[in-house]
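Here is the structure we will look at.
Bear in mind that the values in this text are calculations on the coordinates, not laboratory data. These figures come from a predicted structure and were not determined experimentally. With ideal geometry, Cβ positions are generated from the backbone for all residues, glycine too; neighbour counts draw on all protein chains shown.
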Amino acid sequence: MSEGIGTVVETRTEPGTGTGTSGGMWVSSAPLRVSLAGGGTDLPGYAARFGGSVFGAGTDLRVTVVGRRARRATGIRVCLDSCGHAESAEELANPFAREAMRRHWDGTPLDLFSSGDVPGATGMGSSAAFCVSLVAGLSGEPLDARSLAWAASDIEIEGLGRPVGRQDHYLSALGGFRLLHFHRDGSVEVEDVDVPAEHARGLGAELLLFHTGTSRDAGSVLSDQADGTERGDRDTTRRLHEIKDLTAPLKEAVVQGRFGEVGRLLGRHWELKRGLGARVSLPRIDRAYDDALAAGATGGKLLGAGGGGFLLLHVPLAGQARVREVLAAHGMREQPFAFDTRGAVLHTL
């Protein structure tokens, strides 16, 4: 299941056209990810002291970016959060696009459009998938997926100074199931996880994803954890140690198809995560989660930093109708998804 790709795939439809902004048009996309265990241990404040581990996978939900070489003399026309025109990268309102263009744009007049399968700021790594897609398109040539992940994560971490880790960018660039190891020297080791196709399909059928109706900025939610780590808070460190320790057993449960165990471990992960900061959860989300457990879910957690976004639940098939009914009563909308081996993809036209 997790053979993935080692480079960004490029498909040409016209021989001789260039890539990136030097060609006529390019379309790039990258998957949104589901982080199953270890989230938060990739943050520099923790990983630099103890080393971190994250187990997650790419999905069939994606962010797509389209770039078209423009006929006008200068500037960038962007349709991202809204449509507008900028004469330089510094004038772009979207901070991720602004920093990516500063680093990777060659100055050729460009029309730029983007769309995603889910709303932003909902815990599925949409900003990372956008950065991966945009860098892939602007690069001008197929990139090694690990190099693409590093370049995209540098936009957020070094360029924008956000207190985030690199897991989202690696899972998005690579796709498939991966166990990522974040070493104390800052390097990232990628362990490809070979999940049998029938287990990936079976797990996907038993994992339900619900939008809580609330969005949040991951950086602000993660700041409590970052502050606790910097202070050497013992409870924060203990929780992160145990969250990291969950990656190996959860990976084995997925590989072996023990889906009930996956639910239990997700639940334990969420118990630990909720203690990392007051903004990780909300009372109405806690009530919905408790009702889902009573209706048949075995466990689950908010994706990403927390504070809202998407709630991931493991629910055996027999209990799914009741869980859907319960969460609908809480105003939470289901988002269908499946696991996918495809990472970032680039097409030039």
Report task. Determine, for His169, His241, the number of other Cβ atoms within 10 Å of each Cβ, and report the residues in order from fewest to most. Result -> His241, His169
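Tell me what the chain gives for mean residue ellipticity at 222 nm when only DSSP H runs of n ≥ 4 count, each as -39,500 (n - 2.57), the sum divided by the residue total, rounded to 500 deg cm²/dmol. Let's see the in-between values first.
Numbers: 12 runs with 133 residues, N = 349.
So the helix-based figure for the chain works out to -11500 deg cm²/dmol.
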Report summary line: Given the candidates Met332, Phe130, Thr59, the one whose Cα lies deepest towards the positive end of the charge dipole of the chain, counting +1 at each Lys or Arg C-beta and -1 at each Asp or Glu C-beta, is Met332
**Report entry** Taking only Cα atoms of segment 86-190, radius of gyration then Dmax in Å
**Finding:** 13.7, 42
**Report entry** Magnitude of the charge dipole, segment 198-334, Cβ model with Lys/Arg +1 and Asp/Glu -1, debye to 20
**Finding:** 60 debye
Query raised in the report: Taking a spot 7 Å from the Cα of Asp185 along the direction of its beta carbon, which residues of segment 47-61 have an amide N less than 19 Å from it?
Result: 47-53
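Averaging over all projection directions, find the projected area of the Cα convex hull of segment 82-145 and quote it in nm² with one decimal place. Walk me through the numbers on the way to the answer.
Details: hull surface 19.6 nm².
Quarter of the Cα hull surface area: 4.9 nm².
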Report task. Would you order Met25, Met124 from fewest to most other beta-carbon atoms within 10 Å of each residue's own beta-carbon? Result -> Met25, Met124
Report task. Only Lys, Arg, Asp and Glu count, each charged at its Cβ (+1, +1, -1, -1), so figure out the dipole size of the chain about its Cα centre, rounded to 20 debye. Result -> 520 debye
Query raised in the report: For segment 172-217, what is the convex hull volume of the alpha-carbon atoms per residue, in Å³?
Result: 131 Å³
Query - Rg to Rh quotient for segment 198-334, alpha carbon positions, Kirkwood Rh - result: 0.98
Query - Theoretical FRET efficiency, 1/(1+(r/R0)^6), r = Cβ-Cβ of Arg333 and Gln256, R0 25 Å, to 0.05 - result: 0.20
Report task. Give the distance, in whole Å, between the Cα centre of segment 119-197 and the Cα centre of segment 259-306. Result -> 25 Å
**Report entry** Computed over segment 198-334: relative contact order in percent, which uses C-alpha pairs under 8 Å that are six or more apart
**Finding:** 37 percent
Query raised in the report: Which one of Pro283, Pro119, Pro196 has the biggest mean-square fluctuation once the chain is modelled by GNM with Cα springs under 10 Å?
Result: Pro283
Requested in this report: Sticking with the crude label model, points 7 Å out along Cα→Cβ, report the distance from Asp81 to Glu230 in nm, one decimal please.
Outcome: 2.4 nm
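Got the relative contact order for segment 43-169 handy, in percent, Cα pairs under 8 Å and 6 or more residues apart? Mind dumping the intermediate values first?
Working: 172 pairs, mean separation 36.4, N = 127.
Computed value for segment 43-169: 29 percent relative contact order.
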